[in-house]
1. Any idea of the accessible area per residue across the chain, 1.4 Å probe, to the nearest Å²?
2. Within the stretch 179-198, which residues have the backbone N less than 20 Å from the label spot 7 Å out from Arg206 along Cα→beta-carbon, could you tell me?
3. Work from the charge dipole of the stretch 126-208 (Cβ charges, +1 for Lys and Arg, -1 for Asp and Glu, about the Cα centre) and give the residue of Pro159, Leu174, Ala184 farthest towards its positive end.
4. Over the chain, with a Gaussian network built from C-alpha contacts below 10 Å, which listed residue (Ala135, Ala39, Ala188) shows the highest mean-square fluctuation?
5. Whose amide H sits under 5 Å from the amide H of Gln187, counting only residues 5 or more places off or on another chain, with H placed in the peptide plane?
6. For the chain, modelled as a GNM with alpha-carbon contacts under 10 angstrom, which of Pro169, Pro115, Pro93 fluctuates the most?
7. Check every DSSP H run in the chain and write down those whose alpha carbon atoms cover 20 angstrom or more along the long axis and whose mean Kyte-Doolittle hydropathy is -1.0 or greater.
8. Translational diffusion coefficient, Stokes-Einstein: compute it for the chain using the Kirkwood radius over C-alpha pairs as Rh, at 4 °C and 1.567 mPa s, and state it as an integer in µm² s⁻¹.
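The values are calculated or read from the model by the stated rules, or taken from the named source; none is laboratory data. Bear in mind the structure is a predicted one, so any value in this text is a computation, not a measurement. Positions of Cβ are generated from backbone atoms using ideal geometry, with glycine treated the same way; all protein chains shown enter the neighbour counts. Note: accessible area is taken over every heavy atom of the protein model, side chains too, but ligands, DNA and RNA are not part of it. Shrake-Rupley method; radii C 1.70, N 1.55, O 1.52, S 1.80 Å.
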Amino acid sequence: MTRPPTAAQRRVIDAADPVTGRLRGTEAQLVALVKRGFAFRHPRPPHDHFLTPAGHRIREAPPEVPAEPVPSAGVFAARVGGEEPERIPVSGPARLREVRSAWQGLLELRRMTNPGGATDRPCGWERTHLVRAAALALEAAGHRPAGPDGNGYRVRSTPQPEAVAVHGPDEETLRACADTLERAGWQAGAYTEPRTRVRYLLASPRRV
């Protein structure tokens with residue numbers, strides 16, 4: 001069974017020409033891809049390297065990513081707001097370090113898995129963990145999650161594909177959350193719930 005490519009090899013594969021599958025990389029990288037069966041060297045000059053069918057399948061398949069942005073011995077979860085009091089992590093310097101580390105890990109995950117190494121838009125992991133991803137962006141930016149008093153943001157899933165709802169106690173909170181999410185590569189717009197007239201944000205990961 002062919003071993004999956006390394007992170008560096010995956011970046012070379014992802015950067016291949018979308019039509020021809022032509023590869024660019026160092027000689028060592030290209031030779032390694034040939035040995036793994038992901039590329040072949042064209043017999044005619046200039047002897048460029050191209051993806052094999054196996055290489056194309058690797059590029060088209062979603063990358064395997066960890067269940068959490070940053071592997072750790074403990075279980076990290078961003079604050080979505082409105083958790084039960086006993087499930088709220090202790091705030092303080094240790095929590096700030098955890099959140100900062102998780103955010104940096106997520107940016108690295110974007111760099112490793114997004115085409116061209118782009119870090120300005122969400123990656124595949126975020127698109128399959130929408131609530132957790134949006135909550136991490138908000139908590140990492142210093143927004144306050146909703147506690148027992150109800151003040152702060154709350155991130156919730158929605159029936160719409162690739163969209164989360166962000167609730168807040170007032171328009172100022174919603175605007176600040178929208179600004180943060182947009183800087184983190186999301187699209188966010190304010191809406192009014194027809195029945196209750198409650199204002200909320202609808203946010204989805206930006207693709208381009």
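1. For the chain, the solvent-accessible area averages 59 Å² per residue.
2. 179-191
3. Ranked along the dipole, the leading option is Pro159.
4. Fluctuation is largest for Ala39.
5. Amide H to amide H, under 5 Å and 5 or more residues apart or across chains, Gln187 pairs with Ser204, Arg206.
6. Checking each option, the largest mean-square fluctuation is seen for Pro93.
7. On the way: long enough: 93-113 (30 Å, -0.60).
What comes out of the filter, once short or polar helices are dropped, is 93-113.
8. 68 µm²/s
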